[in-house]
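**Student:** Structure below; questions to follow.
The values are calculated or read from the model by the stated rules, or taken from the named source; none is laboratory data. Everything numeric in this text was worked out from a predicted model, so none of it was measured. No Cβ is skipped: glycine too gets one built from the backbone with ideal geometry, and neighbour counts run over all protein chains shown. Note: areas computed on protein heavy atoms with side chains; ligands, DNA, RNA excluded. Shrake-Rupley method; radii C 1.70, N 1.55, O 1.52, S 1.80 Å.
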Amino acid sequence: MSGVGFWELMLVFMIGLIVLGPERLPRVAQQVGTWLGQARRMTRMMKRQLEEELNLEKELDLRPRPTPLPRTVPPAATPKPDEASSAREAAAPVADTASDAAAPVEPAPEAPPEADTAEPRARNGVS
């Protein structure tokens, strides 16, 4: 058992007999037995459901597996010499544009301030 011996059970029975009395002790013992039986059934049912779920996962193999990476480059992916040169020629205008974009930009020359040739107007229309 779980570390409870005969004398411990006898002590619990005697305390229950003294506290509850001979008339109520059988009813309380039956009710406690019913509760313990229900708890055991629920535990057994939960354990069975958990085992079924684990077995189902093993059967279906739901765990994601990592895909192995290829160790070599496939032959179709390696460029041929003439393809490599045509790719360089196609990329040349892009490189020129990129180098132009990296060049420093010169500021625009400032325009001379315009001179006001008109006479200043007085406020409120009074000259």
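**Student:** Which residue out of L11, L17, L36 is open to solvent by less than 90 Å² (accessible area, probe 1.4 Å) and part of a helix (DSSP H, G or I)?
**Tutor:** After applying the criteria, what remains is L17.
**Student:** Give me the pairs: first residue in region 53-64 and open to solvent by 80 Å² or more (accessible area, probe 1.4 Å), second residue modelled with pLDDT of 75 or more and aliphatic (A, V, I, L, M), beta-carbon distance under 9 Å, and six or more apart or on different chains, which are they?
**Tutor:** Hits for this filter: L62/L56.
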